[in-house]
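Values in this text are rule-based calculations from the coordinates and carry no lab data. Here the structure is a predicted model, which means the values were calculated and not measured. Don't worry about glycine lacking a Cβ; one is built from the backbone with ideal geometry, like all the others, and counts go over all protein chains shown.
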Amino acid sequence: MITLSISDNHDSGACIFRDHELLFAVNEERLTRHKLQGGFPLLSIQACLQHTGILPSTVDHVLLASRMTPASMLRLLPSWHSGLRERESQFSFLLNLYIIYQVTLRHMRFPERIEAFLSGKIIAFRLGRLGIHAPVHCIDHHEAHAAGAYYSSGNNEKTLVFTLDAMGDGVSVTVNIGYGNELKRIYEQSGFSAIGTYYQRLTEFLGFMALRHEGKITSLASFGRFNEDIMAVAKSSLSFIKKTEGFNWKNHFIPESMKSGVYKQLKGYSREDVAFNFQKNFEDEIVKFVSYWVAKTDIFRVALAGGIAANVSLNHRIKDVKKIENVYVFPHMGDGGLAVGAGLAFLKPEPFCFRNVYLGPQYDNADIRSFLDNEKVTFTFLEEDSLCARVADLLAQGCTVGHFNGRMEFGPRSLGNRSILYRADDVSAMEWLNKKMDRSSFMPFAPISLDREAAGFYKGIDNMTYALKFMTFAVDGTDRLKDLCPAAAHIDGTARPQIVSMADNPRIYRILEKYEQKKGVATVLNTSFNRHEEPIVCSFQDALHSFNECALDVLVLNNFLIIR
C-alpha cells in the first residue's frame, strides 16, 4: 500500500510510505529556497515520487494533515494566504478573528465537517492534475502531532503524549495516552488558551520575526536576570490553572498591541531581562502542567510534539520532572512534521525508533562532478577513508567546513549531512562565525559528539540515547566539556548536543574519530548549513552557493573536497 501524506500550512511538506515504511520526506522550503514556505507542497510531492520511483497512479491513499488549518478559503487562495502570513503582525486583530473562527467551528461540529470536506476537495483537485486520484483523508492537526511523537518514540509501555502549539484545527493543547498501536486523547484546550500567542507575541515585541525566531528568545534569555516586576507581567500572561487542568484563557475579542496592556508594562526593560523572565515563566507553567498530568495518569514516559516542543530549554526542564523516566521529542516537532505525523496516525504502526531521519534527497558523485566541471571549480576527489582523515585534519587546523553528504535531514536541525563543522575549543567562534553567516551574535552553536564520549561531556543523559540523536534537548555540560570544548557550552552551562553512533552516520563518526586522534576529543561544533533567513541547503548547487556566501574555508560535496 502506498500512502502519500501532505501538509499545506506553515512549513508545508510531503512524505510517502510503502505499507508502514517511511521512504522519503521533505519540506517545501528546501526546494523553493523560501524559509518556512507554506501552501500546497507541489515540489515536495514531486520529489517524493521522483526519488522513490513511485508512479502517481499507484498511490492508494492521500492524507491531509489538518482538517481546517488553513481554512478552505485560504487553501483556495494560497498566494493571498502566504501574503497574509508575511505581512500581518502577531498583534493583528485579523489573527484574533481567525482564532475565534477556528475555535467556533471546532465546537460547531457540522460546520467543521463542511470545512474539512471542502479542504479535501480542493486538495484532491490539485492532486488530480498530477495524476494522483486516490481518496483524500483529512487528519486532525493535533492528532498528527501526537501520532508523530508517540509512534516514533519506541515506547512499548503506556506513554503520555503532549502536543502544544499556537493553534491547529481550533486547538492549542492536547494530552494523549498511547499504548500499543492505539492513541487516545484525554484532554484538549482550544485556541483560546493563553499559550497560543504567548511566545509569538513576545518574539515580535522583542524585535524578532514571530514563527521564525522564537529560538533566539530562548538563547537571549540566558543573558538576562530575574526581575520581580517583569515576572509578575509574565505570570499574568500565562499560568497553569489546576482547576481547569490547563492554562489560562485569552479573550481574543479584545485587541492587544505592543503599546498597550501587558506589553506597555515592559517598556524600559532590557530585551535580555524580558526574555529571561518570560522564558522562565513559560518553563515553570508548562512544567506544572506536565507534572499535573503525570501525577494524574501515573504514566512516567513522555513524548512531545508541536512548535512549543522546539524550545530546548523547556525540554530540559521537563526531562528533570520528578518521576518522569523518559522524554522523547519528535525530531520535526513543528508543523513541518505534520505530514509524517498524519501518516503515522492513519497507519497506526507499533511504536518504533527511527533508524535515522536522513529522509530527504541525495545526489550521486557523477552529477556533482559534472556540475563542478561546468562551474570550473577546482576540487579533489577522495575515497572515504582519505576524505575523513583530510576533513579531520582541516578541522584541527581551524578551518570552517561545509559538509554535504548523503540524504538530507528531515526537520529543523542539521544532523551532519547538511552541516557546517568547526572546532569546539575556540571560544570566539560564537561571535565571528555567527557574523560570517549573518546570524545574531548571541546564538550558541551545538556540539556533535561520538556516543562513547557523551557521558563524560553531558550530565543526566541516562535513558536519552535515542532522544539525543536529534538535537532536541538542552542538557547540562560537565566541567570537561567546558574545559575542552568551551565553544560548545552556552553561557548558562548547557549544550544542545547531537550524539552520533557509527550506525547513525558512518561518515561523521569516522571524521570525529580521526579528529580525536589529533585533538584528544571527539566533539566539534555543528550548525546548520545556511545563511540567516535561508533554509538549510538541499542540493549540491545550494551548498556551493552558501559556501561562497558564507566564505567558508572548506566544502565537502559527497567525496569531493574544495578548499578556498
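In table form, for the structure just shown:
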| item | result |
| --- | --- |
| Under 23 Å from K348, Cα to Cα: lysines that are on another chain or at least 8 residues apart | K158, K184 |
| Neighbourhood charge, 12 Å Cβ-Cβ cut-off, centred on K469 and excluding it, Lys, Arg +1 and Asp, Glu -1 | -1 |
| For region 250-306 and region 45-78, distance of Cα centres in Å | 34 |
| Loop chymotrypsin sites (Phe, Trp or Tyr not before Pro), region 154-259, which have at most 15 other Cβ atoms in a 10 Å radius of their Cβ (DSSP) | F226, F253 |
| Estimated inter-spin distance, R18 and N548, nm [label 7 Å along Cα→Cβ] | 3.8 |
| Calculated FRET value between S270 and S57, using beta carbons and R₀ = 60 Å, to 0.05 | 0.50 |
| In region 152-216, GluC sites (Glu not before Pro) in a DSSP loop with at most 14 other beta-carbon atoms within 10 Å | E157 |
| Extended-chain gain in nm, criterion 0.36 nm per residue less alpha-carbon gap, K235 and C353 | 38.7 nm |
| Length gained when the stretch N227-I186 is fully extended (0.36 nm per residue, less Cα-Cα span) | 11.1 nm |
| Theoretical ellipticity at 222 nm over the chain - DSSP helices of four or more residues, -39500 (n - 2.57) apiece, nearest 500 | -11500 deg cm²/dmol |
| FRET efficiency, 1/(1 + (r/R0)^6) with R0 25 Å, evaluated for D483 and K436 via beta carbons | 0.45 |
| Neighbour net charge for T174 - beta-carbon separation under 9 angstrom, K R +1, D E -1 | -1 |
| Spacing of the two label points (7 Å from each Cα toward its C-beta) at F93 and L77, in nm | 1.9 |
| Centroid-to-centroid separation of region 106-138 and region 371-389 [C-alpha atoms, Å] | 48 |
| 14 Å cut-off, amide nitrogen to a point 7 angstrom out along I563 Cα→Cβ, residues in region 538-554 | 553-554 |
| Sequence of E228, E350, E245, E283 once ranked by neighbouring C-beta atoms within 10 Å, starting from the fewest | E228, E350, E245, E283 |
| 12 Å beta-carbon shell around A489, net charge (K/R +1, D/E -1) | -1 |
| Fully extended contour minus Cα-Cα distance, from W249 to A295, at 0.36 nm per residue | 14.2 nm |
| Lysines whose Cα lies under 18 Å from that of K243, excluding same-chain neighbours fewer than 8 positions away | K235, K288, K296 |
| Cross-link reach list, lysines versus K435, counting only Cα pairs under 29 Å and skipping chain neighbours closer than eight places | K35, K216, K267, K280, K376, K469, K482, K514, K518, K519 |
